[in-house]
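Read-outs throughout are calculated quantities, based only on the coordinates presented, and are distinct from any laboratory measurement. Treat the numbers as computed from the prediction; the structure is a model and nothing was measured. Cβ coordinates were reconstructed from backbone atoms using ideal geometry, including for glycine residues, and neighbour counts include every protein chain displayed.
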Amino acid sequence: MGPTYWWMLFGMAIVTYIPRMIPLTFMDGKELPPIVSGVLGNIPYAVLGALIFPAIFFVQEGNILFGLIGAATAFLIAIIGGGLMPVVLGTIGVLAVYSLFM
Amino acid sequence: MKNNQFISGVKAGSSIAIGYFPVAIAFGLLAKTTGLSLIEATAMSIFVYAGAAQYMALSLIKLNVDPVTIVINTFVVNIRHFLMTASLNEKMQSAPKIVKATYAFGITDETFSVLATRKEDDKITSAFAFGVASIAYGSWVIFSAIGHFVGANLPEFLQTAMSIALYAMFIGLLVPSAKGNRKVVMLAAIAAVIHCIIYFTGLLPTGWAILVATLGSSILIEIIYSRRGKNPADIYKEQEAD
């Protein structure tokens, strides 16, 4: 990766630490307006949607089927109530079989 | 006394440490498939220490997004911590700024939940917060490194299959929150649709597309829900439908 990576890591560390540190150290419990705290609370779920689609279909270049099978498997295991690890390992398992026989 | 508080913090935090085990192992594995060295991957866990942001960084590195955009995206994903630490502040024992600034590094979604749901009347001591934060942090860093180490010794077809792991993990994080919660489903779906539109029209580079999709969906859905919230009859309908 090289030096660019370490600069990026430095930047990531700063922008991760600031939101943790400032309110705890310097604020005296001021309330945010409800619409602002609502939007902030929404971000973790919205970002997941944006991260998954459409990138999941292009995981293996030129093979959309790989991504489709992966997405279907992961959603299926998650919906029937598998935890985080069963979802990840199960999906890898199915795609390992698929890539062995391709 | 202070020691006791630290120890009971460690005990309270041990469930987090166990929960971090698979997520950190998977992070190490994914970092390996993304092309990070053992040192680079472990350093990210040591210095950044934020699960969601680290996973996002991996997927953006994979998509060749430029580092500045990755840092901006990291900030956006972490904005929620402003909320958590602001609300936590009222529950914490007063302490010198340097003490608070130190344990603030250990506030994650999970340590926040453990601290914020304490039922005791007394304020939470700094020693307790240090206890919770230490064991969770230790687990995250150590298992990230082990995950990378394991990933380096896997056969080719497994490494190919593992390229899906990042997205499987995102799905595994999203689905349990989305079950029975239409707002979460809408948030993810709208963000996905916005991102797809930007992607296929080539309007913006990937990092910015994710940023716009995330903020756009979060704001849009919040406006829709706060309008609905003003009419009590609609909230009732919503609950019935769920």
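Considering the stretch B:1-27, and only residues there that are more than 14 Å from B:Ile142 (Cβ to Cβ) and among the β-branched types (Val, Ile, Thr), the residue that is surrounded by the most Cβ atoms within 10 Å (Cβ to Cβ) turns out to be B:Val10.
For the stretch B:33-48, a residue qualifies if it is part of a helix (DSSP H, G or I) and in contact (Cβ under 8 Å) with a residue 12 or more places away in the chain, and the qualifying residues are B:Thr33, B:Thr34, B:Leu38, B:Ala41, B:Thr42, B:Met44, B:Ser45, B:Ile46.
Residue-wise test of (1) among the hydrophobic types (A, V, I, L, M, F, W, C); (2) surrounded by fewer than 20 Cβ atoms within 10 Å (Cβ to Cβ); (3) within 22 Å of A:Val97 (Cα to Cα).
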| position | (1), (2), (3) |
| --- | --- |
| A:Phe10 | yes, yes, no |
| A:Thr16 | no, no, no |
| A:Ile22 | yes, yes, no |
| A:Thr25 | no, yes, no |
| A:Val36 | yes, yes, no |
| A:Asn42 | no, no, no |
| A:Ile52 | yes, no, no |
| A:Glu61 | no, yes, yes |
| A:Leu65 | yes, yes, yes |
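Scanning the stretch A:40-77 for residues that are at the interface with chain B (Cβ under 7 Å from one of its Cβ atoms) and among the hydroxyl-bearing types (Ser, Thr, Tyr) gives a single hit, A:Tyr45. Residues that are in contact (Cβ under 8 Å) with a residue 40 or more places away in the chain and over 23 Å from the mean Cα position of the chain (by Cα) within the stretch B:151-181 comprise B:Ala152, B:Gln159, listed in sequence order.
Where in the stretch A:1-80 are the helices (runs of 4 or more DSSP H), entirely inside, with at least 2 residues that are β-branched (Val, Ile, Thr) and within 15 Å of the chain's Cα centre (by Cα)?
Helices (runs of 4 or more DSSP H) meeting the threshold: A:34-52.
For the stretch B:104-126, the set of residues classified as part of a helix (DSSP H, G or I) and either among the small types (Gly, Ala, Ser) or loosely packed, with under 11 Cβ neighbours inside 10 Å (or both) consists of B:Ala104, B:Gly106, B:Ser113, B:Ala116, B:Ser126, listed by residue number. Considering B:Leu30, B:Leu63, the condition of being surrounded by fewer than 23 Cβ atoms within 10 Å (Cβ to Cβ) and either more than 9 Å from every other protein chain (Cβ to nearest Cβ) or touching a residue at least 60 places away in the same chain (Cβ under 8 Å) (or both) is satisfied by B:Leu63 alone.
Consider the stretch B:189-222 and keep the residues that are within 19 Å of B:Ala178 (Cα to Cα) and in contact (Cβ under 8 Å) with a residue 40 or more places away in the chain. The one that is farthest from the other protein chains (Cβ to nearest Cβ) is B:Leu215.
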